[in-house]
Amino acid sequence: MLELPVKISLAEGASPPYYASEHAAGADLYAHLDSPAKLNSHERRLIPTGVFMELPPGYEAQIRPRSGLAYQHGITVLNAPGTIDADYRGEVMVLVINTGDRPYVIKPGERIAQMVIQSALRARFAVEPSISETPRGSGGFGSTGT
């Protein structure tokens with residue numbers, strides 16, 4: 001497994017991101033809360049993690065839902081994947097939403113999301129009068145079958 005050095009700083013009492021298995025692509029992020037946070041059905045909220053990081057240029061962090069929370073309780077990341085740019089130095093926050101029918105209580109220290117570090121290419125956009133044609137053309141949203 002390739003490793004990339006990433007500097008982090010933690011708020012007092014916060015847990016660092018943690019890879020739960022040897023080949024996990026995503027590191028778990030933990031709720032850094034003083035007290036439990038009730039999330040009503042269809043409510044969204046920013047959950048602090050207490051993690052601050054310095055990504056190397058050319059990389060991004062993607063914040064993704066935890067499959068168990070999504071499946072068992074309908075708790076997911078609203079803007080999945082959320083993107084953290086290499087020049088961001090604020091606290092990593094997770095925008096969660098409760099898509100379930102019942103309230104859910106997020107406990108301090110609970111694993112609430114996972115973070116995947118990816119290389120990020122920047123495009124050099126070239127404005128042209130036209131672009132090439134393909135057999136698919138402009139067909140989208142189910143145009144290739146169900």
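The values are calculated or read from the model by the stated rules, or taken from the named source; none is laboratory data. What you are looking at is a predicted structure, and each value in this text was computed from that prediction instead of being measured. As a convention, Cβ positions derive from the backbone with ideal geometry for all residues, glycine included, and neighbour counts pool all protein chains shown.
Residues are listed down the side, and each one gets a yes or a no for (1) modelled with pLDDT under 95; (2) more than 23 Å from Asp87 (Cβ to Cβ):
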site	(1), (2)
Met1	yes, yes
Lys7	no, no
Ser15	no, yes
Gly26	no, no
Ser35	no, yes
Asn40	no, yes
Arg45	no, yes
Among (1) assigned to a loop (DSSP other than H, G, I, E, B); (2) over 30 Å from Pro36 (Cα atoms), which single condition is Gln118 missing?
(1)
Residues that are surrounded by 15 or more Cβ atoms within 10 Å (Cβ to Cβ), farther than 30 Å from Lys7 by Cα, in contact with a Ser or Thr (Cβ under 6 Å, 6 or more places away or on another chain) and not small (Gly, Ala, Ser): does region 91-98 have at least one?
yes
Are there any pairs, at least 6 apart or on different chains, whose C-beta atoms fall under 9 Å, with the first in region 82-96 and farther than 14 Å from Pro17 by Cβ and the second part of a strand (DSSP E or B) and of a type in the set (Asp, Glu), and if so, which?
Thr83/Glu60; Asp85/Glu60; Ala86/Glu54; Ala86/Glu60; Arg89/Glu54
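Only one of His42, His73, His23 is touching a strand residue (DSSP E or B) at 6+ places or on another chain (Cβ under 7 Å) and exposed (fewer than 12 other Cβ atoms within 10 Å of the Cβ); which?
Values: His73 fails: exposed (fewer than 12 other Cβ atoms within 10 Å of the Cβ); His23 fails: touching a strand residue (DSSP E or B) at 6+ places or on another chain (Cβ under 7 Å).
On inspection, the qualifying residue turns out to be His42.
Return yes or no: is His32 in contact with a Ser or Thr (Cβ under 6 Å, 6 or more places away or on another chain), of a type outside the set (Phe, Trp, Tyr) and assigned to a loop (DSSP other than H, G, I, E, B)?
The answer is yes for His32.
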